[in-house]
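Heads up, the thing below is written out as structure tokens.
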Amino acid sequence: MLRIVSETDRDQENSVKNFLNQFQQVLAEMNQSGGFERSVLATDEGLPIANAPQLPNGEVDTAMVALLGQVSTQIRGELEMAPVDEVTIRANDRVHWVCRPVDLGRDYIILGVLVPPETSYRRETNRAIHRIQDLVLS
């Protein structure tokens, strides 16, 4: 089957790639400035949007983000809490996996970050969340 690709299709494809590259750049810069091992941006259903660094087993990261996103939604609903700002899993070695929702108006996506022991993360994740919101909502 022959598919004719229009210039508009190519423009849209390039636009999407550019958008995803910008997300990738936000994550990479956050990791570098915050000293984070890795990060992922995913939908609330666990579909990956971007991750840094790009790893072959990135599905594990996005699955963790989706799981923690579901936990925060259930907690909020069952306990009638305000929207959840963060869900964290901390291991015995004090490494922790932090998931923070990124509010996009009617929808949200989730930022997941693997944070080494004794590392502050709120300032850098806040900065990344604001940059992501600016990319999407502008």
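Determine whether Asp85 is out of contact with any strand residue (DSSP E or B) (no Cβ under 6 Å at 6 or more places or on another chain) and either open to solvent by less than 90 Å² (accessible area, probe 1.4 Å) or among the basic types (Lys, Arg) (or both). In short, yes. The C-beta contact set for the stretch 110-132 (first residue under 19 Å from Leu47 (Cα atoms) and open to solvent by 20 Å² or more (accessible area, probe 1.4 Å), second residue outside any loop (DSSP other than H, G, I, E, B) and hydrophobic (A, V, I, L, M, F, W, C), distance under 7 angstrom, 6+ apart or interchain) comprises Leu114/Trp97. Between Ile129, Ile75, the distinction of being at pLDDT 90 or above and out of contact with any helix residue (DSSP H, G or I) (no Cβ under 6 Å at 6 or more places or on another chain) belongs to Ile129 only.
The values are calculated or read from the model by the stated rules, or taken from the named source; none is laboratory data. The structure displayed is predicted, hence computed values, not measured ones. All Cβ positions, even for glycine, are placed from backbone atoms using ideal geometry, and neighbour counts span all protein chains on display. What goes into the accessible areas is simple: the full protein's heavy atoms, side chains included, and nothing from ligands, DNA or RNA. Shrake-Rupley method; radii C 1.70, N 1.55, O 1.52, S 1.80 Å.
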